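Taking it in order: structure first as structure tokens, then the write-up.
The values are calculated or read from the model by the stated rules, or taken from the named source; none is laboratory data. The structure presented is a predicted model; accordingly, all values stated were derived computationally and were not measured. Methodologically, a virtual Cβ is constructed for each residue, glycine included, from the backbone with ideal geometry; neighbour enumeration extends over all protein chains shown.
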Amino acid sequence: MTDNPRDTHVRRGLVGVVADTTSISDVDPCRNVLLYRGYPASGLTARHTFLDVAHLLWTGELPDAAELATLERRERSLRTLDPACEAMLLSLPTDCHPMDVLRTAVSRIGAADPATADRSTDASADKAVELLAVLPTVVALDQRRRRGLDPIPPDPGLGHAENVFHMTFGEVPEPEVVRAFEIAMILYADHGFSASTFAARTVTSTRSDLYSAVVAALGALKGELHGGANEAVLNQFAEIGDPDHVDDWLAARLEAGERVMGFGHRVYKRGDSRVPALHTQMRRVAELRGGRDLMAHYEVLAGAMLREKGLRPNLDYAAGPLFHLMGFDTPLFTALFAMSRISGWTAHVIEQAAHDVLIRPVSRYDGKSRREVDAVR
Ligand code: COA
């Protein structure tokens, strides 16, 4: 390895670059598995809750009964949005993107927190629970204001997932639907050095604060090559219109050199390990919610992409239809992803702060060669 960037191979997009170690999650494309602190994420979907997983990501271990009870109590007590923040969010344009609302909310919460500058592990762990608790309140308020409806306050008598439905729709659906949502939250919780996580770690590496790191992560997640893909999937189905049109639509899209959202992955090249567990949930909810046509659309496009490009669905391809069947409006989908990934981002902020090393890659200059400034104009 040389110090001169001219002598080193440029890895545009940081493809294949191992930027640091992490003990939080392991995306293993060879064994096709995602591990959270050593546990397969898909295994955790069998019996565990999203709060179990958040505790696991933050502390390294699943909670025992007393630890879970403490976390649940805290999460339930921290759901209410500061009235000044709520008023500010309600004043935002209703045609701005929900991720802009979420990003603004976190910025506002950080600006109002007297402990923002405290970067200790304990303070960061407290902020992590606070954000995990309050983000659903922001997302639900946002969906309702876009529909011209007043916010519904959180219900501390309900679990995390149940409360999301209560605040968004005013009712808690069938247990199967609540469980499917919980499983989506578990599968979205962390994924190695994804672009948003790396953004959060980069901000943390400068010794900036946790809220600034989360704001950066939200900005990165919004893009359609990352979290924005789940809403793009539903927009694609709307554009295609009818499963019979998939082949023509896909041919035109690929001919134009465009990507199909919800397919492919930077790390997994033989399919996304998280998809089977969410696919099962999606089909279950589709049966309950009359989603047969949407499932046909899903399968036809997935088959065509495998045939034409050899590419398989990623988690966003299943999450988009699932959130749609649950009743969430399409623009909200990436914000639902953020409600889960806040657990992983904040775990990475704590880990990066402990590593305490500035993330600052070098670039190779390919602009004009050196030239002299005229002495006289
Ligand atoms: N649609 C069409 N073509 C795709 C594609 C997609 N979704 N994903 C990858 N490809 C193509 C690439 O253009 C490339 O073609 P080329 O060799 O002719 O240039 C080839 O497949 C290999 O791409 P790869 O190097 O594997 O992709 P990447 O690592 O640069 O990109 C993604 C990974 C996620 C950005 C990419 O797959 C993508 O854009 N997917 C759609 C967005 C999405 O669903 N994001 C959510 C990810 S969880």
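Can you pull out every residue in segment 233-250 that is within 13 Å of the ligand (Cβ to nearest atom) and without any contact (Cβ under 8 Å) to a residue 24 or more places away in the chain?
Quick first cut of segment 233-250, residues within 13 Å of the ligand (Cβ to nearest atom) only: 233-236, 249-250.
Across segment 233-250, the qualifying residue is only 249.
Please count how many residues of segment 183-195 are of a type outside the set (A, V, I, L, M, F, W, C) and within 11 Å of the ligand (Cβ to nearest atom).
Total meeting the criteria: 3.
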Original post:
Are any of the residues in segment 102-118 in contact with a Cys (Cβ under 7 Å, 6 or more places away or on another chain) and buried (at least 20 other Cβ atoms within 10 Å of the Cβ)?
Top reply: yes
Original post:
Mind checking which residues of segment 196-215 are out of contact with any Lys or Arg (no Cβ under 9 Å at 6 or more places or on another chain), more than 16 Å from the ligand (Cβ to nearest atom) and not β-branched (Val, Ile, Thr)?
Top reply: 200, 201, 212
**OP:** For residue 177, indicate whether it is away from the ligand (no atom under 16 Å from the Cβ), β-branched (Val, Ile, Thr) and without any contact (Cβ under 8 Å) to a residue 60 or more places away in the chain.
**Re:** no
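Taking the stated definitions as given, is residue 270 farther than 30 Å from residue 41 by Cα and within 12 Å of the ligand (Cβ to nearest atom)?
Numbers: farther than 30 Å from residue 41 by Cα: no; within 12 Å of the ligand (Cβ to nearest atom): yes.
So residue 270 does not fit the description; no.
Could we say that residue 275 is touching a Pro at 6+ places or on another chain (Cβ under 6 Å), within 16 Å of the ligand (Cβ to nearest atom) and at pLDDT 95 or above here?
On the way: touching a Pro at 6+ places or on another chain (Cβ under 6 Å): yes; within 16 Å of the ligand (Cβ to nearest atom): yes; at pLDDT 95 or above: yes.
Spelling it out, residue 275 is indeed touching a Pro at 6+ places or on another chain (Cβ under 6 Å), within 16 Å of the ligand (Cβ to nearest atom) and at pLDDT 95 or above.
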**OP:** Collect the residues in segment 281-337 that are in contact (Cβ under 8 Å) with a residue 40 or more places away in the chain, among the charged types (D, E, K, R) and within 16 Å of the ligand (Cβ to nearest atom), keeping them in residue-number order.
**Re:** 308, 309, 312, 316
Original post:
How many residues are surrounded by 19 or more Cβ atoms within 10 Å (Cβ to Cβ) and of a type in the set (A, V, I, L, M, F, W, C) if we restrict to segment 250-267?
Top reply: 4
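Given the criteria of a type in the set (A, V, I, L, M, F, W, C), in contact with a His (Cβ under 9 Å, 6 or more places away or on another chain) and surrounded by fewer than 21 Cβ atoms within 10 Å (Cβ to Cβ), does residue 68 qualify? So that I can check it myself, show each step before the final result.
Numbers: of a type in the set (A, V, I, L, M, F, W, C): yes; in contact with a His (Cβ under 9 Å, 6 or more places away or on another chain): yes; surrounded by fewer than 21 Cβ atoms within 10 Å (Cβ to Cβ): yes.
Spelling it out, residue 68 is indeed of a type in the set (A, V, I, L, M, F, W, C), in contact with a His (Cβ under 9 Å, 6 or more places away or on another chain) and surrounded by fewer than 21 Cβ atoms within 10 Å (Cβ to Cβ).
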**OP:** Would you mind finding the one in 171, 224 that is farther than 25 Å from residue 34 by Cα and either in a loop (DSSP other than H, G, I, E, B) or charged (D, E, K, R) (or both)?
**Re:** 171
Original post:
So which residues in segment 8-49 are within 16 Å of the ligand (Cβ to nearest atom), assigned to a loop (DSSP other than H, G, I, E, B) and closer than 26 Å to residue 179 by Cβ?
Top reply: 32
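Could you list, in sequence order, all residues of segment 216-228 that are more than 10 Å from the chain's Cα centre (by Cα) and within 13 Å of the ligand (Cβ to nearest atom)? Break it down stepwise before answering.
Step one: of segment 216-228, the residues more than 10 Å from the chain's Cα centre (by Cα) are 216, 219, 223-225.
Result: 223, 224, 225.
Does residue 154 fit the bill of being over 16 Å from residue 335 (Cα atoms), buried (at least 21 other Cβ atoms within 10 Å of the Cβ), at pLDDT 95 or above and in contact with a Lys or Arg (Cβ under 8 Å, 6 or more places away or on another chain)? Break it down stepwise before answering.
Values: over 16 Å from residue 335 (Cα atoms): yes; buried (at least 21 other Cβ atoms within 10 Å of the Cβ): yes; at pLDDT 95 or above: yes; in contact with a Lys or Arg (Cβ under 8 Å, 6 or more places away or on another chain): yes.
For residue 154, the condition - over 16 Å from residue 335 (Cα atoms), buried (at least 21 other Cβ atoms within 10 Å of the Cβ), at pLDDT 95 or above and in contact with a Lys or Arg (Cβ under 8 Å, 6 or more places away or on another chain) - is met.
Quick one: in segment 39-54, of everything that is small (Gly, Ala, Ser) and touching a residue at least 12 places away in the same chain (Cβ under 8 Å), which residue is nearest to residue 162 (Cα to Cα)? Reasoning before the result, please.
Start the filter on segment 39-54 by keeping residues that are small (Gly, Ala, Ser), which leaves 41-43, 46, 54.
Imposing the further condition that a residue be touching a residue at least 12 places away in the same chain (Cβ under 8 Å) reduces the set to 41-42, 54.
Values: 41: 21, 42: 21, 54: 17 Å.
Here the answer is 54.
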